[in-house]
1. Take each of the peptides 29-36, 148-155, average the number of other beta-carbon atoms within 10 Å over its residues, and list them starting from the highest.
2. Just subtract the alpha-carbon distance of residue 116 and residue 12 from 0.36 nm times their residue separation and send over the number in nm, one decimal.
3. So what's the back-of-envelope 222 nm ellipticity for the chain, counting only DSSP H runs of four-plus at -39500 (n - 2.57) apiece and dividing by all residues, rounded to 500?
4. Using a Gaussian network for the chain with springs between C-alpha atoms less than 10 Å apart, which of these wobbles most: 123, 140, 84?
5. Going by average Cβ density within 10 Å per residue, which order do the peptides 131-138, 59-66 take, highest to lowest?
6. For a test of the definition: using alpha carbon positions, the gyration tensor, and the 1.5 limit on a/c, classify the stretch 95-189 as rounded, prolate or oblate.
7. Out of every Cα-Cα pair in the stretch 42-151, what percent are more than 23 Å apart?
8. So, in Å, what gap is there between the alpha-carbon centers of the stretch 113-184 and the stretch 87-102?
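Laboratory data are not the source of any read-out in this text; all were calculated from the coordinates shown. What you see is a predicted model, and the numbers here were worked out from it, not measured in a lab. As a convention, Cβ positions derive from the backbone with ideal geometry for all residues, glycine included, and neighbour counts pool all protein chains shown.
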């Protein structure tokens, strides 16, 4: 299988989209464009009978669907936890704490400490942070696809060591992109 430029574009898109997903409609538009390209590449590969390209396109398609459902799953899980453990007084407690903060009777760290003392806030935060760890999964799959392109094999044919390498590289990519995003946001705001 020749190393097609479009497959590299697909895998690069899989790394970019988790970051763009949460910004605005741009993330969804990119997701849709890349998904259409992946379906077209798979159709082309099927007509040529190229099983390796079919595997790469299918790998990318499945990963794009995973990327769509992870934020939805995080949101649903957070709402379920909030609905299950909220006693209806959370909003009033937060308003009271914010009122004290505006009056100057507590500082910012006191505000954070008081809000963190609300049990449901901690549970929802843990659900969201746990869900954000799932963002590594599609990036790991993208890196695994890139390694498979370099080795000229299907993504599922990689050894366990190379899959672990893809996981580590995916984690490092997400970490670096998150730090870069935080740095840029601090400079722009």
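1. 148-155, 29-36
2. Using 0.36 nm per residue and subtracting the Cα-Cα distance, I get 33.7 nm.
3. Helix-only estimate at 222 nm: -28500 deg cm²/dmol.
4. 84
5. 59-66, 131-138
6. Prolate shape, in that a/c is at least 1.5 and a/b is the bigger ratio.
7. Percentage above 23 Å: 54.
8. 34
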